[in-house]
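To start, the structure itself, in structure tokens.
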Amino acid sequence: DQQVKQNSPSLSVQEGRISILNCDYTNSMFDYFLWYKKYPAEGPTFLISISSIKDKNEDGRFTVFLNKSAKHLSLHIVPSQPGDSAVYFCAALYGGSQGNLIFGKGTKLSVKP
Amino acid sequence: EAGVAQSPRYKIIEKRQSVAFWCNPISGHATLYWYQQILGQGPKLLIQFQNNGVVDDSQLPKDRFSAERLKGVDSTLKIQPAKLEDSAVYLCASSDSGRGGEETQYFGPGTRLLVL
């Protein structure tokens, strides 16, 4: 049973526009969430994270929003650039975890020039 | 700073054969993780080491998979014998302080295994 769900396998966006990637989770014990970006033939690279005590975290063009009541988080990329084209994974940790990241299946983002 | 190194990058074997993967984490990183990523899925943790001790191996199929981290630095993951369903990318990651949890995990490029 998938505890972290990314229901959109792919997303296509025009350069300069906003990209919104969504993630839902089922385990209310999760209290820390991360987004990783993965290019082909490379390992995932950490992008941004958010603790459950916050509802928003920003880092440059990347913002993550957390809605705990809905068990939903989203990653916003503004403005989107062609170099952002990659697979984005949502991951979660639960309190007391020593690092066992639970990953979603990923969303492939394509940013078209 | 050098990243996480893994070898080989690709491996093709027949079912029932054995295979081993090697990982060298970022220098000084106490925690090392092995993940399995099947096509179309997210990575799934197989085993976590802190220094040379096992922290979590609850999802490691111990009848065929084994891993070790001698001297608390590099690590090997072995499959013996391999099955068709073991075809996947095997990712190694490391993190800094050994507490695990919220600290950033840095991933290597992975080893892509194909079992025929």
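Every residue, every condition in (1) farther than 30 Å from A:T107 by Cβ; (2) more than 8 Å from every other protein chain (Cβ to nearest Cβ), yes or no:
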site	(1), (2)
B:Y10	no, yes
B:S18	yes, yes
B:N24	yes, yes
B:H29	no, yes
B:L32	no, yes
B:G42	no, no
B:N51	yes, yes
B:V55	no, no
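Output the residues belonging to the stretch A:35-47 that are out of contact with any Leu (no Cβ under 7 Å at 6 or more places or on another chain) and either in a strand (DSSP E or B) or of a type in the set (G, A, S) (or both).
First pass over the stretch A:35-47, keeping only residues out of contact with any Leu (no Cβ under 7 Å at 6 or more places or on another chain): A:38-42, A:44-45, A:47.
A:K38, A:A41, A:T45, A:L47, listed by residue number.
Within the stretch A:43-84, how many residues are among the acidic types (D, E) and over 30 Å from B:A5 (Cβ atoms)?
So in the stretch A:43-84, the residues among the acidic types (D, E) come out as A:55, A:58-59, A:84.
Checking which are over 30 Å from B:A5 (Cβ atoms) leaves us with A:55, A:58.
Residues meeting the conditions: 2.
How about the stretch A:44-75: which of its residues are within 14 Å of chain B (Cβ to nearest Cβ) and among the charged types (D, E, K, R)?
Scanning the stretch A:44-75 gives A:K54, A:D59.
Just the residues that are at pLDDT 95 or above and either open to solvent by 20 Å² or more (accessible area, probe 1.4 Å) or small (G, A, S) (or both), please, taken from the stretch A:92-113.
If the condition is that a residue be at pLDDT 95 or above and either open to solvent by 20 Å² or more (accessible area, probe 1.4 Å) or small (G, A, S) (or both), then A:G104, A:K105, A:G106, A:K108, A:S110, A:K112 are the ones that fit.
Can you tell me which residues in the stretch A:19-41 are surrounded by fewer than 14 Cβ atoms within 10 Å (Cβ to Cβ), at negative phi and within 13 Å of chain B (Cβ to nearest Cβ)?
The answer is A:Y39, A:P40.
Can you name every residue in the stretch A:56-83 that is of a type outside the set (S, T, Y) and exposed (fewer than 13 other Cβ atoms within 10 Å of the Cβ)?
Answer for the stretch A:56-83, where residues must be of a type outside the set (S, T, Y) and exposed (fewer than 13 other Cβ atoms within 10 Å of the Cβ): A:K56, A:E58, A:D59, A:G60, A:N67, A:A70, A:P82, A:G83.
Which condition from (1) modelled with pLDDT of 95 or more; (2) open to solvent by 10 Å² or more (accessible area, probe 1.4 Å); (3) touching a Ser or Thr at 6+ places or on another chain (Cβ under 6 Å) is the one that B:C23 breaks?
Result: B:C23 fails condition (2) only.
The values are calculated or read from the model by the stated rules, or taken from the named source; none is laboratory data. Every value quoted in this text rests on a predicted model; they were computed, and no experiment measured them. Positions of Cβ are generated from backbone atoms using ideal geometry, with glycine treated the same way; all protein chains shown enter the neighbour counts. Surface accessibility is based on the protein's heavy atoms, side chains included, excluding ligands, DNA and RNA. Shrake-Rupley method; radii C 1.70, N 1.55, O 1.52, S 1.80 Å.
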